[in-house]
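Asker: Next up is a structure, given as structure tokens.
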Amino acid sequence: MDQGSLHEILKVHGPLPDSRVKSVGHDVLCGLEYLHSFGCIHNDIKPSNILLHNGVAKISDFGVSRNINDKKSELMQSGTFVYMSPERLEGRDYDTSADIWSFGLVMYELIKGASYYDSDLNQAIIVSVVCSGDLPDLSDEECGIINDLVVKCCVREKSSRATASILKKMLNNNLENVNTLKVT
């Protein structure tokens, strides 16, 4: 891909502008909506697995993706620890909402320029924080809709997380409202 991964872009440029985060978010949600419509769970949504080509974000690396009905134990804990949802970290059954949790953490990282969870921490500490600590929140930032998305993604109870379709509608409605504002 001509622009590399979001991970590489963050390393070089730091946090992305809100408008770019919204655009990337829309592209990734389109990809997740498509995958999830076929019962496919990506299992490793993170900045290094989102590539930019001609300004469009594309999900990559499907090496640990699985069908929602595939319960093979070797796939249950595959992926990147700091982007895993609470149910995955606890070894419980999970579904497409696990990708939504990861997407929320990616959105947080694009705004802040750094991961919410420190990847240098011991895995037991990360499990403890993800499963019972503070949840990602951007309310201290001036990023309105992006914070709303993060909050709807990073909910501990998987059944309470928004779907890719709902998140995409939220983002589209926000983009339409911004595009219809007129300066007088």
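Taken together, the values in this text are just the output of simple stated rules run on the coordinates, not laboratory data. What you see is a predicted model, and the numbers here were worked out from it, not measured in a lab. Cβ: placed from backbone, ideal geometry, glycine included. Neighbour counts: every protein chain shown.
Asker: Please go through segment 85-98 and give me each residue that is among the hydrophobic types (A, V, I, L, M, F, W, C) and out of contact with any Asp or Glu (no Cβ under 9 Å at 6 or more places or on another chain), ordered by number.
Answerer: L89
Asker: Does any residue in segment 153-171 that is closer than 14 Å to H26 by Cβ come within less than 8 Å, Cβ to Cβ, of a residue that is buried (at least 19 other Cβ atoms within 10 Å of the Cβ) and among the hydroxyl-bearing types (S, T, Y) six or more places away or on a different chain, and which pairs are these?
Answerer: That search, which allows pairs on different chains as well, returns A164/T96.
Asker: Here is a further query. For segment 35-54, give me each residue that is of a type in the set (A, V, I, L, M, F, W, C) and under 14 Å from N67 (Cα atoms).
Answerer: L35, F38, C40, I41
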